[in-house]
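What follows is a single structure, written as structure tokens, with notes after it.
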Amino acid sequence: MNAPLVVGIMHPPTWDARPPERVAADIDALRALDPRIEIVDCRYVEDFALRTERGRPGSEADAELRSRAPELTPEQIDALARVEVALVADLPFDVADHAPRLRWVQSVAAGNGQLLSSGLPTARITATTAAGVNGVPIAEFAFARLLAHYKGHRELAERQREHTWKAVFGTLASGRTLGLVGVGGIGSEIAKRAQAFGMTVYATRRRTDTPAPHVDRLFAPSDLHTMLGLCDAVISAAPETADTIDTMDAAAFAAMKPGAFYCNVGRGSFVVEKDLIEALESGHLAAAAIDVARAEPLPADDPLWDAPNLAISAHCSSDGRDHFTGVYRLFRENLARYLAGEPLRNTVDPDAGY
């Protein structure tokens, strides 16, 4: 009963940009939960491209990706042999073999692709995500993109660059219908803001038998195209699973209303990018915004950069300054639950992929 409970801090240190004293306070708060807790710094960091590619279903069997994974140092090997709980962004492939005492992994991100590609969850190891931590900042970002489209901000900026005093009148969001593909932590916050602006909100969700807050009508995923045809704007905030890859393809964009707006703040693999470009070039979509892409960082010669009326951001819709405050708050709550033998929040469902 007095054996240490070893908690490994494994996420990239540069991701937590808060002042050192705030980071130290959160670590101390973890220790304060139980005198047995021992904090071990055992960072395991992969490069951005590998992390993105490992987020896709099936990557656990990709020999080329495995060859690019960093070799574990002796210090990391020793730490992993002792860790029971870990706070991570990246994990080695086959982590269960490296960490025989590991029982629970908490991701600092909402997505779980890296966890799945490491062989998690298992009968022994529970995996949880940080879903919901970024709900408010990403919802604000996505809704800002929507409002910027309706209010003509791109055209206004062009008139300013040209030193041209010419009125550009926007249109109302109020009275329009917004469709949400994914109504989890992010989608729920978007729905709240949309209703506050007088919009009708539709959403897709696996379970349609219980209401979702701030959503006027729920559709099953199989009825996505029906929902798309009823919406003036659509925002995707869905996780990456085998079932969501290539969801927004040519048929899905064709199902949308002519002149509609589309935004993706979920995962890049959700969109068939050439089909998005064609929908914009044809004028079927009035405009779109993406914060994620299939290849990140997006190559300089990628045709997305030159797609008409497409706003691109570099996977930065969250609030980098306060993200880890929310992460450590969730981790501390889950660690208290773990100590008490209670169910953890945001547990990954191995069957559903989320």
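Summed over the stretch 264-286, the residues that are within 26 Å of Gly185 (Cβ to Cβ) and either small (Gly, Ala, Ser) or open to solvent by 50 Å² or more (accessible area, probe 1.4 Å) (or both) give a count of 4.
Condition (residue is modelled with pLDDT under 95 and either surrounded by 19 or more Cβ atoms within 10 Å (Cβ to Cβ) or among the hydroxyl-bearing types (Ser, Thr, Tyr) (or both)) applied to the stretch 306-320: is it met by at least one residue? Yes. With the requirement that a residue be open to solvent by less than 30 Å² (accessible area, probe 1.4 Å) and either at pLDDT 95 or above or hydrophobic (A, V, I, L, M, F, W, C) (or both), what does the stretch 230-241 give you? Cys231, Ala233, Val234, Ile235, Ser236, Ala237, Ala238 - these are the residues of the stretch 230-241 that are open to solvent by less than 30 Å² (accessible area, probe 1.4 Å) and either at pLDDT 95 or above or hydrophobic (A, V, I, L, M, F, W, C) (or both). Return yes or no: is Ala242 outside any helix (DSSP H, G or I) and free of Cβ contacts under 8 Å to residues at least 12 places away in the same chain? So Ala242 does not fit the description; no. Only residues that are over 24 Å from Gly111 (Cβ atoms), assigned to a loop (DSSP other than H, G, I, E, B) and without any contact (Cβ under 8 Å) to a residue 12 or more places away in the chain were counted in the stretch 32-81, giving 4. Among residues of the stretch 236-253 being over 12 Å from the mean Cα position of the chain (by Cα) and small (Gly, Ala, Ser), the one that is nearest to Arg206 (Cα to Cα) is Ala242.
Quick grid of which residues meet (1) under 25 Å from Met248 (Cα atoms); (2) at pLDDT 95 or above; (3) among the aromatic types (Phe, Trp, Tyr):
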residue: Thr126; (1), (2), (3): no, yes, no
residue: Ala144; (1), (2), (3): yes, yes, no
residue: Tyr150; (1), (2), (3): yes, yes, yes
residue: Thr177; (1), (2), (3): yes, yes, no
residue: Val181; (1), (2), (3): yes, yes, no
residue: Gly185; (1), (2), (3): yes, no, no
residue: Ala203; (1), (2), (3): yes, yes, no
residue: Arg207; (1), (2), (3): yes, no, no
residue: His214; (1), (2), (3): yes, yes, no
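Listed here are the residues, each with its yes/no results for (1) open to solvent by less than 10 Å² (accessible area, probe 1.4 Å); (2) modelled with pLDDT under 95; (3) of a type in the set (Ser, Thr, Tyr).
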{"site": "Leu228", "(1), (2), (3)": "yes, no, no"}
{"site": "Asp243", "(1), (2), (3)": "no, yes, no"}
{"site": "Thr247", "(1), (2), (3)": "no, no, yes"}
{"site": "Phe253", "(1), (2), (3)": "yes, no, no"}
{"site": "Tyr262", "(1), (2), (3)": "yes, no, yes"}
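Within the stretch 1-31, being in a helix (DSSP H, G or I), among the hydrophobic types (A, V, I, L, M, F, W, C) and closer than 26 Å to Ala99 by Cα holds for Trp15, Val23, Ala24, Ile27, Ala29, Leu30.
Of the helices (runs of 4 or more DSSP H) lying entirely inside the stretch 110-225, those carrying at least 2 residues that are touching a residue at least 24 places away in the same chain (Cβ under 8 Å) and closer than 22 Å to Arg294 by Cα are 113-117, 135-150, 185-196. Of all residues in the stretch 47-82, those being of a type in the set (Lys, Arg) and touching a Pro at 6+ places or on another chain (Cβ under 9 Å) number 1.
The values are calculated or read from the model by the stated rules, or taken from the named source; none is laboratory data. Keep in mind the model is a prediction, meaning the values are calculated, not measured. Because the Cβ atoms are built from the backbone with ideal geometry, glycine has one as well, and the counts that use them run over all protein chains shown. Side chains are part of the model used for accessible areas, which takes the heavy atoms of the whole protein and leaves out ligands, DNA and RNA. Shrake-Rupley method; radii C 1.70, N 1.55, O 1.52, S 1.80 Å.
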